[in-house]
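Down below is the structure, laid out as structure tokens.
The values are calculated or read from the model by the stated rules, or taken from the named source; none is laboratory data. Fair warning: this is a prediction, and the values are worked out from it, not measured in the lab. Cβ sites come from the backbone with ideal geometry, for glycine too, and all protein chains shown count toward neighbours. Surface areas here come from the heavy atoms of the whole protein model, side chains and all, with no ligands, DNA or RNA. Shrake-Rupley method; radii C 1.70, N 1.55, O 1.52, S 1.80 Å.
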Amino acid sequence: MAPASPRPFTYNPPPPGPLPIVHADDHILVLDKPAGLLTVAGNTPALADCLEARVQAQYPTATMIHRLDMDTSGLIVLALNARAHAHIGKQFEKRLTRKTYIALVQGQLTPDSGRIDQPMKSDWPNRPKQHVDPVGGRAAVTDWQVLEAMPDRTRLRLTPLTGRTHQLRVHMAFLGHPILGDNLYAPAEALAASRRLCLHAETLEFRHPDGGTPMVFHSPAPF
């Protein structure tokens, strides 16, 4: 496959509007982040517009517990107080939360499901890229399931069992089926196949910080 020529980075976040709130109470917010919006601000004024800033304009005490890549859309939970942040953060740390993603990838996969168990680490000369490193990498495990096979692409449900940076993107590229529209890891043909990264956080499950009630949220993929 021909190497990708990454699209030049230009930050054009979606225009501000009503917050995409899926759930709100006294302790947490669950939002459906649009693609193209940073989760937290970058290190220059041009990168100040982000999900966190937009939320804090309406909910000043809101804090991020986890992140989604700028180009990934879908479900994300924020805490509205320190107790909620600590409670849910501990769930993420102990892998008690569950997330699934929908992706469109290049080519067709066989069999219909599988597991990728490939350690990962930062690719320092090519930051912010990550790469598979079986010797020096940290454990990274992703389960995949075919939802729909098409002539040139496949719709998958991806379940990360660990939470490494760019894990799903790196693992699918390693498998030879890069995510369509991936500006960092897709070869030229797969990059050109979509104007956005075809990766969406579809479901999010955790226990509510006030009482421990199981919470399950779902957001259909917009592609």
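Share of carbon and sulfur in the accessible area of segment 1-100 stands at 57%, probe radius 1.4 Å. Take segment 156-223 with all the other protein chains still there, run a 1.4 Å probe, and you get 39 Å² of accessible area per residue. Computed over the alpha-carbon atoms, segment 5-117 gives an Rg to Rh ratio of 1.02, Rh here being the Kirkwood radius from the mean inverse distance.
Computed from Cα atoms, the angle from the helix 82-93 axis to the main principal axis of the chain rounds to 30 degrees.
Summed over the residues of segment 1-104 and divided among them, the accessible surface reaches 52 Å² per residue at a probe radius of 1.4 Å. Among 63, 110, 142, 10, the sequence by solvent-accessible area, most first, with a 1.4 Å probe is 110, 10, 63, 142.
Residue ranking by accessible heavy-atom surface, 1.4 Å probe, largest first, among 135, 105 comes out as 135, 105.
Residue 170 sits with roughly 10 Å² accessible to a 1.4 Å probe, with DNA, RNA and ligands left out of the calculation. Counting only protein heavy atoms and using a 1.4 Å probe, the accessible area of residue 52 comes to about 50 Å². Heavy-atom accessible area for residue 223, with the other protein chains in place and a 1.4 Å probe, reaches approximately 50 Å².
Taking a straight Cα-Cα cut-off under 18 Å and skipping sequence neighbours fewer than 8 places away in the same chain, the aspartates and glutamates within cross-link reach of residue 129 are 69, 71, 182. Shape summary: segment 75-180 maps onto an equivalent ellipsoid whose semi-axes, from the alpha-carbon gyration tensor, are 26, 19, 12 Å in decreasing order. Helical content of the chain, expressed as a calculated mean residue ellipticity at 222 nm, amounts to -3500 deg cm²/dmol (DSSP H runs of 4 or more residues, -39,500 (n - 2.57) each, divided by residue number, nearest 500). Sorting 113, 122, 73 on solvent-accessible area from highest to lowest, probe radius 1.4 Å, gives 113, 122, 73.
Only the Cβ atoms of Lys and Arg (+1) and of Asp and Glu (-1) were treated as charged; on that basis the dipole of segment 54-157 about its Cα centre amounts to roughly 480 debye. For the chain, the spread of Cα positions along the three principal axes, ordered from largest to smallest, is 50, 37, 35 Å.
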